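Below: one structure, written as structure tokens.
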Amino acid sequence: MMSTDNGMKLRTWEEELASLVETTGIQYPNPEISDGISMESTKLNDDVAIMEESFKDQVKGFLKASGEMILELGKGVKDVVKQSFGEDIKDCYVVKKFGEPLGKVYGRLRFMNEFLPEDRDPVLAWPVVFFVFIVAVAVLSVNTEPRSPPLSPKKMHIHPPSATLVQLPDGRQMAYHERGVSAETARFSLLSPHSFLSSRLAGIPGIKESLLQDFGVRLITYDLPGFGESDPHPNRNLNTSALDMLHLADALGVNDKFWVVGYSGGGVHAWAALSYIPDKLAGAAMFAPIVNPYDSSMTKEERYGIWERWTQKRKLMHFLARRFPSLLKYFYRRSYLSGEHGQLDKWLSLSLGKKDKTLIEEPIFEEFWQRDVEESLRQGNIRPFVEEAVLQVSRWGFSLANIQIQRKRQEKGIIPWLKSMYAHPELEWAGFLGPIHIWQGMDDQVVTPSTAEFVGRLVPGATVHKLPGEGHFSYFCFCDECHRQIFSTLFGTPQGPLNSTIEVDQTTLKEDLEEVLLTDSTT
């Protein structure tokens with residue numbers, strides 16, 4: 001036993017250890033000397049000893065011990081703060097560094113102090129007010145109304161292979177699907193790359209076979225590399241995407257120039273075709289085509305107009321695709337590759353307008369969407385989806401401003417050279433000079449109208465058709481009248497397929513017939 005300066009006695013560590021193992025009043029039998037004592041009686045004695053301390057006393061003891069622990073913790077935190085900041089709080093680094101800015105903020109908010117009681121310190125009261133306000137908003141945002149039990153999600157179903165395959169020059173197989181008239185009778189050939197989380201089955205959703213026949217259209221849709229039944233590409237970019245389109249057209253016997261259809265995310269590949277293979281294109285039909293949201297050609301107002309209607313999660317997905325694409329795999333596996341169907345706007349983090357919300361709830365659209373997604377995910381590989389997301393936000397390798405550009409007219413000879421020295425040089429348009437039609441819904445929350453305005457500024461030859469009240473899906477999907485308007489704008493009056501029959505001279509046919517009849521009569 002030791003003593004302190006104030007007379008208090010301290011026990012040695014041997015005495016402290018002995019005090020921890022003092023008897024508790026509960027006796028345990030020694031098996032070596034307790035012959036004849038049953039286990040039942042031992043258990044009964046233990047239960048009686050435990051019940052001597054009531055539950056109420058146990059709770060009081062627990063709360064008392066917890067209070068003492070919290071008090072000691074508070075004292076420890078106080079000591080740490082004193083050691084970190086010093087006794088004189090005014091001399092500490094934190095106050096010197098942030099004291100002046102905080103003082104300015106406090107000065108600007110001083111007008112709010114009149115709403116506090118006079119006996120309250122504003123420095124202490126306002127943080128409490130803001131905290132309570134945030135908690136109140138959080139509580140009010142919770143929907144307390146009784147919810148109907150959620151429906152069990154529909155399972156993904158992978159269908160048997162159904163695509164027609166063609167081999168590309170590099171040995172890869174590409175899956176495609178044809179609709180409309182045959183290659184021999186086609187007046188117009190349309191090639192349509194699909195958008196994100198889609199497949200060759202999309203095409204122009206709901207378009208009637210009779211309309212394709214009326215205009216003599218051959219519609220070719222195909223799976224992008226790694227989607228559907230197409231083989232993946234080891235080094236995919238937008239240049240290879242345009243070359244894939246060109247090789248597919250050659251393999252399918254599209255000898256004349258063809259039209260490219262770019263809807264939503266498929267617009268990326270349509271822009272690539274206009275940039276890399278313009279000589280093979282007759283024109284482009286674009287429907288709410290996306291652009292690179294990080295395009296350096298955008299003004300601050302244009303960039304804000306493109307991003308303003310996006311959900312926070314969609315903005316996050318674009319940021320990850322540009323900076324940390326490997327993190328996308330986590331989100332995609334939990335949604336697309338979960339083995340269960342999900343709601344379109346939830347999966348793609350879309351905010352939709354009134355018409356779009358109505359359309360996606362219709363059974364015909366839901367059936368189309370689910371079948372298209374199932375085909376898109378056939379291979380169960382997440383890499384093509386990450387590649388597609390990265391392609392949309394990374395450097396494209398070309399600028400939309402270079403699709404149509406003005407340049408000086410090049411003329412040879414001395415006289416044109418002398419004229420150029422004393423007169424303004426003559427300019428001419430270069431690049432793709434064929435028709436580019438863009439249809440843009442003015443209530444589109446997915447690809448906002450600001451996108452079409454940006455394209456119209458950079459590609460002055462493009463014709464932008466503004467659609468009041470239409471959304472992202474409502475004009476392009478399952479709208480017979482819309483499809484007829486589109487084809488009439490692109491191709492004019494319907495003339496049907498080309499006539500492949502050989503016209504025979506009626507006079508020659510008549511003479512041959514009379515000769516055959518004469519021969520038969522003489523014999």
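The values are calculated or read from the model by the stated rules, or taken from the named source; none is laboratory data. Since the structure is predicted, the reported quantities are computational estimates derived from the model, not experimental observations. Cβ: placed from backbone, ideal geometry, glycine included. Neighbour counts: every protein chain shown. Just so you know, the surface numbers come from the protein's heavy atoms only, side chains and all, with ligands and any DNA or RNA stripped out. Shrake-Rupley method; radii C 1.70, N 1.55, O 1.52, S 1.80 Å.
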Quiz item: What pairs can you find where one residue is in segment 297-325 and at pLDDT 90 or above, the other is of a type in the set (F, W, Y), and their Cβ atoms are less than 6 Å apart, with a gap of 6+ or different chains?
Solution: E302/F454
Quiz item: Out of D223, D256, D250, which single residue is assigned by the TED database to the domain that holds H318, among the charged types (D, E, K, R) and buried (at least 21 other Cβ atoms within 10 Å of the Cβ)?
Solution: D223
Quiz item: Do any helices (runs of 4 or more DSSP H) entirely within segment 277-382 hold 3 or more residues that are open to solvent by 30 Å² or more (accessible area, probe 1.4 Å) and over 18 Å from V446 (Cβ atoms), and if so, which?
Solution: 328-335, 363-376
Practice problem: Among what's in segment 336-384 and is closer than 27 Å to A175 by Cα and acidic (D, E), pick the residue that is farthest from the chain's Cα centre (by Cα). | Solution: E367
Quiz item: So which residues in segment 234-245 are in contact (Cβ under 8 Å) with a residue 24 or more places away in the chain, surrounded by fewer than 19 Cβ atoms within 10 Å (Cβ to Cβ) and not in a loop (DSSP other than H, G, I, E, B), if there are any at all?
Solution: N239, L243
Quiz item: Restricting attention to segment 444-475, and to residues there that are polar (S, T, N, Q) and in a loop (DSSP other than H, G, I, E, B), which single residue is most open to solvent (accessible area, probe 1.4 Å)?
Solution: Q445
